[in-house]
Structures are given as C-alpha cells and as structure tokens.
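Quick note: the coordinates plus some simple rules give every number you see, no bench work behind them. Values in this document were obtained by computation on a predicted structure and should not be read as measured data. Note: ideal-geometry Cβ built from the backbone for every residue, glycine included; neighbour counts use all protein chains shown.
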Amino acid sequence: MAILVTGGAGYIGSHTVAELLAHQEEVVVVDNLTTGHRKSVLGGTFYQGDIRDRDFLDDLFRKHQIEAVIHFAASSLVGESVQIPLSYYENNLVASHVLISAMLDHGVKKIVFSSTAAVYGEPERVPIREEDRAEPANPYGETKLAMEKMFRWADEAHGLKSISLRYFNAAGAHPDGLIGEDHHPETHLIPIILQVALGQREEIRIFGDDYPTEDGTCIRDYIHVMDLASAHFLALEHLRQHGQSDVFNLGNGTGFSVREVIETARRVTGQRIPERVVSKRAGDPAVLIASSDKAKRILNWKPRYHQLETIMESAWNWHKNHPDGYGDR
Ligand code: UFG
C-alpha cells in the first residue's frame, strides 16, 4: 500500500518524501505546484493536482491503495495570512475538509499532519509544551489549529487517526545536496541571510532590536528539515503500531536570537553579511522555544542536527550550489 503525500513538492514535504523513499515506502505525491517544485520530488508517483478537487481525489484513491496520508498542502506565510485571511481558510481549512471527506469515503483512516508553532500565539511560558494555551495570533496559526480540531472530532465520530506535528523554525537541506529550501518570495531568516552572503541582497534587515531578550532580537528554535522528515516517518509508524491520535512539538529545545543566527552565518560562510535594524514585524512573538520531550518519549524521535552551526552549514551547502534554487520561477 502507498503513502499519499499532499504538498510533497514543498520544502518540508519534499524532504519527507526523500525520507519515506529511503525507508522503501511506496509514495504517491500530490502538489498543485503553486509554491512547490516538481524537481524537488525525488521519486514515487507524482500528480499535479489540487486537493480541493474532489473528483481528482476520488480518482486517485481509486487508482492507488492508500494506507495513510501525510498532509503538507497548505498556505504557510504568517504575514500573507493577515493580508488575505479568506484564502488561508480556503487553502487550509476547506482543502483539508475535502481531503478528509474523501479519505473517509475511501476507507483511509490515518493522517500525519503538518501543523505549526504558530498555533500557540504568544506563549504563556517557554519551553512550550503541547498542553499549553493555543491562541493563534494570525489566520495561518488559526487555520492550522482549526484543522487539528477538525481531525480530532473526525476521530471521535469516524475513527480518523491523526498525528499533528507542530514544527518550530525549519531550516537546512538534504545532506545529499539535491534538495533544499526555495521560496518565492523568500521571507525566512536563514535563506535571506544566505542570499546576502551570496551577494543577491545587500543586507539583512533585523526586524526589531528592542524585544525583551538579551540582545533585543527575537529568539527562535531552529530545527533541521531532515529531523522533521524523520519525525513524519516515526509518526506514521506510531499510527501503524498504536493507532492513537496525538499532537507533538518538533524543535531542538534551544533558542537563538536573530543576531546569533547572523553571526553563525558569518562564521560558516566567511562573508561579511551587512545588517540593518528596521521596525518590528507585526505578530512576531519575542521567544519561541519548543519542548519536544513528548516526541522523544513517545515517537522515539532522535533529532540529529543539534548545533545551529551544522544546520547553517547544511543550508549554505544547498544555497551556494543552487543560488537560483530549482531555477523554475
Ligand atoms: N527575521 C528578520 N529579518 C528577516 C526575516 C526574519 O529579522 O528578513 C526575524 C523574524 O522577525 C523572526 C525570525 O527572524 O524573529 C525568524 O523569522 P522567520 O520568518 O524565518 O520565521 P518565523 O519565526 O516568523 O516563522 C516560522 C515559520 C512559520 C511558523 C512560525 C511559528 O516559518 O511557518 O515559525 O511562529 F508559523
């Protein structure tokens, strides 16, 4: 039987497809390629299509014996979600509703879901634990939390088993150097810093330096994309063996400030990387750090990239060898 990966041509999706293939899983990938890259899908059967299209999904579930779904397909930019909230409800919540309705009608009852630290909003304490208050501060986090809840109720009523993985800040690239991060436009800190190192941008703009942190810049928990990928495989195995729905944070448990990230990039790349402080970005919490004890305990998850330095080296290896990403935009 096959694993269906929605959004498998995206950043975390494509690395998870690579991980599944490494475990000899049969993989079917669906992506509408709005933001994904066909070249990032290293194997399996690929379909360009939209999960809001029920006929397309029915065809696919008839063609392939799907055992479980790993669901990445979504819009995922915090800032954009504030500008166009209704699109986020459409692309995230409505699309997931179509997907799980089709899954249930075709008897598919396992889903691993790409959730986010954005469900917490401003944290009540750090490190953040799964049972802490979840009060999203933007439509992106709001739709992801609504999706988690929809899965929970679908479990109560129809036995849909789901594992929601709440990622903190994904970074880095596949060690074989074939796939990595490529967003258009790029909004994330590490790739932007590396674009400055490559001379593609003049400077890195630091969004605010008067946060209540030691150096005044925001602190985030950076987690390697291959560690996220391995967690998806373990979540799938967990559903196979125990069949219980659950929610897990995925982070390193260590926070780095924006300035520390820039300093690390200077060391790794040997480039000067000019910086300039600009005003704060709306909706940025000062500190986001995960407690991932639960994922380690229950999923037996063992993240391998603990040092920011190693994560940065891995990202740099991809960016310097692919200065234009996949070259398809
Ligand atoms: N930052 C800058 N300059 C930039 C880009 C980012 O100073 O040019 C700062 C941000 O203000 C933030 C930190 O760098 O403090 C990290 O920003 P990113 O945009 O890389 O990541 P976010 O923490 O905003 O977002 C990530 C994921 C989201 C997820 C969120 C959870 O990308 O999908 O974590 O809060 F929702």
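Count Lys and Arg as plus one, Asp and Glu as minus one, and take only other residues whose Cβ is under 12 Å from that of LEU60; the net charge is then -2. Amide H contacts of LYS161 (H built 1.01 Å from N, in plane; Pro and chain starts excluded): LYS110, ILE111 sit under 5 Å, all sequence-distant by 5 or more or on other chains.
Two numbers describe the Cα atoms of region 90-190: Rg and Dmax, which are 15.8, 44 Å. Dividing the convex hull volume of the alpha carbon atoms of region 9-79 by its residue count gives 93 Å³ per residue. Put simply, the Cα atoms of the chain extend 55, 41, 38 Å along their principal axes, the longest span coming first. Around ASP293, with a cut-off of 10 angstrom between Cβ atoms, what is the net charge of the other residues, counting Lys and Arg +1 and Asp and Glu -1? Here the charged neighbours net out to +3.
When all alpha-carbon pairs of region 240-329 are counted, what percent fall beyond 16 Å? Result: 70 percent of Cα pairs exceed 16 Å. Residues whose amide H comes within less than 5 Å of that of ALA170, counting only those at least five positions distant or on another chain, are ILE223 (H built at 1.01 Å from N in the peptide plane). Applying the Karplus relation 6.51 cos²θ - 1.76 cosθ + 1.60 with θ = phi - 60° to region 261-276 yields 3J(HN,Hα) values of 5, 5, 4, 4, 5, 5, 5, 5, 8, x, 9, 6, 6, x, 10, 8 Hz, where x marks Gly and Pro. Toward the positive end of the charge dipole of the chain, with +1 on the Cβ of Lys and Arg and -1 on the Cβ of Asp and Glu, the farthest Cα among VAL247, ALA118, TRP301 is that of TRP301. In order along region 232-245, phi translates into HN-Hα couplings of 5, 5, 5, 5, 4, 4, 5, 5, 5, 7, 10, x, 10, 6 Hz, rounded to whole numbers, per the Karplus curve 6.51 cos²θ - 1.76 cosθ + 1.60 with θ = phi - 60° and x for Gly and Pro.
Residue-wise HN-Hα couplings along region 75-92, as the Karplus relation 6.51 cos²θ - 1.76 cosθ + 1.60 with θ = phi - 60° gives them from phi, are 8, 9, 10, 4, x, 4, 5, 6, 6, 10, x, 5, 4, 5, 5, 5, 6, 9 Hz; Gly and Pro carry x.
Using only side-chain charges placed at the Cβ, +1 for Lys and Arg and -1 for Asp and Glu, the dipole size of region 141-260 relative to its Cα centre rounds to 460 debye.
Taking amide H positions as modeled 1.01 Å from N, with prolines and chain starts lacking one, the residues under 5 Å from GLY253 and 5 or more places away or on another chain are ALA290.
Here region 18-123 was treated as a single set of alpha-carbon atoms; its pair distances binned every 10 Å from 0 give 12, 43, 34, 10, 0 percent.
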